[in-house]
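Encoded as structure tokens, the structure appears first; notes follow it.
The values are calculated or read from the model by the stated rules, or taken from the named source; none is laboratory data. Everything quoted here is computed from the prediction, not taken from an experiment. When we count neighbours, we look across all protein chains shown, and the Cβ atoms used for this are built from the backbone with ideal geometry, even at glycine.
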Amino acid sequence: MGIIHKIVKKITQPIENNIRGKRGERKVDSALNPLIFGRVNHRQINNLILLDERGKSHQIDHVEIRENGIFCIETKNYKGYLFGDEFQDQWTQSLYNGEKHSLVNPIKQNKSHIYHLNRILGNKYKIHSVIVLVQNNAERMNIPYVINLNQLKDYLKNFNDGTHLTNDEMDEIEETLLSNATKMSNREHVKNIKQTQKELKKGICPRCGGKLVERDGEHGKFIGCSNYPKCKFTIKN
Ligand SMILES: [Zn+2]
């Protein structure tokens with residue numbers, strides 16, 4: 001088995017774990033409003049699916065647009081203890097029965113969501129990443145924007161980086177995003193992700209369609225895109 005195949009297998013399993021988790025999260029999402037977000041002057045888009053230049057779909061749980069900022073919110077319904085930092089490709093989930101699973105790092109996932117939101121909004125705004133753990137097990141993570149569901153309302157309310165959006169601005173942001181939303185169903189989105197995984201397995205870069213190649217780095221071998229430095233896609237071993 002080639003190294004590309006081996007490394008790709010390592011990252012596609014967590015993606016499958018993520019897809020399976022999604023159903024539970026939606027159920028929670030429907031119970032979120034407006035109790036969880038509070039009764040505030042906001043615009044909110046749930047389950048926004050965007051297509052990128054290459055026809056890849058990206059599903060964003062919530063875009064919360066408020067006077068004090070724009071928040072890209074990823075909810076995760078993971079049980080047990082979670083371990084990981086901002087930069088790892090994967091987090092580890094340790095269940096109470098001792099079982100361990102690899103999960104896609106939601107911070108990285110959300111970074112790519114924000115990239116696409118910025119692209120659509122013309123890089124005019126600062127968009128803030130928030131990872132919400134529905135099982136309220138964020139305390140060991142120690143990352144300020146990885147929070148428990150029961151902290152979300154206060155987190156959003158107290159957020160202050162000096163931004164003040166007017167009603168017109170909030171309307172415009174919402175309309176721009178909605179006009180870029182695809183009508184794709186969740187099922188089609190999952191199909192689209194599986195297609196990306198198939199390409200990965202064939203050694204095709206999911207970001208630009210280039211060829212994935214093996215490289216030697218400071219910390220060992222890794223997979224990078226042959227279109228580097230134009231495309232910075234990498235998978236660490
Ligand atoms: Zn690439």
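Numbers for the structure displayed
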{"quantity": "The range 54-73 residues that are at positive phi, paired with ones that are outside any strand (DSSP E or B) and small (Gly, Ala, Ser) (beta carbon under 7 Å, 6 or more apart)", "calculated": "none"}
{"quantity": "Check on residue 163, surrounded by 14 or more Cβ atoms within 10 Å (Cβ to Cβ), away from the ligand (no atom under 16 Å from the Cβ), part of a loop (DSSP other than H, G, I, E, B) and at pLDDT 90 or above", "calculated": "yes"}
{"quantity": "Conditions (1) without any contact (Cβ under 8 Å) to a residue 24 or more places away in the chain; (2) within 16 Å of the ligand (Cβ to nearest atom); number of the one not met by residue 150", "calculated": "(2)"}
{"quantity": "Checking residue 109 against (1) surrounded by fewer than 19 Cβ atoms within 10 Å (Cβ to Cβ); (2) at pLDDT below 95; (3) not in a loop (DSSP other than H, G, I, E, B), the condition it does not meet", "calculated": "(1)"}
{"quantity": "Subset tally (residues that are in a strand (DSSP E or B) and either of a type in the set (Gly, Ala, Ser) or more than 23 Å from residue 89 (Cα to Cα) (or both)) for the range 112-158", "calculated": "1"}
{"quantity": "Residues satisfying the stated conditions in the range 56-81, i.e. closer than 15 Å to residue 140 by Cβ and crowded, with 21+ Cβ neighbours inside 10 Å", "calculated": "76, 78"}
{"quantity": "Residue in the range 163-170 that is in contact with a strand residue (DSSP E or B) (Cβ under 9 Å, 6 or more places away or on another chain), among the acidic types (Asp, Glu) and over 19 Å from residue 48 (Cβ atoms) present", "calculated": "no"}
{"quantity": "Tabulated pairs, the range 84-101, first touching a residue at least 60 places away in the same chain (Cβ under 8 Å) and over 15 Å from residue 139 (Cα atoms), second surrounded by 12 or more Cβ atoms within 10 Å (Cβ to Cβ) and β-branched (Val, Ile, Thr), C-beta under 8 angstrom, 6+ apart or interchain", "calculated": "89/11; 89/104; 89/235; 90/11; 90/104; 101/92"}
{"quantity": "Count of residues meeting criterion [within 12 Å of the chain's Cα centre (by Cα) and not in a strand (DSSP E or B)] in the range 90-106", "calculated": "2"}
{"quantity": "Residue selected from the range 191-228 under the condition part of a helix (DSSP H, G or I) and either farther than 18 Å from residue 53 by Cα or free of Cβ contacts under 8 Å to residues at least 60 places away in the same chain (or both), by the criterion nearest to the ligand (Cβ to nearest atom)", "calculated": "199"}
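Table: residues versus (1) charged (D, E, K, R); (2) farther than 17 Å from residue 181 by Cβ.
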residue	(1), (2)
47	no, no
50	no, no
56	yes, no
64	yes, no
83	no, yes
92	no, yes
99	yes, yes
116	no, no
123	no, yes
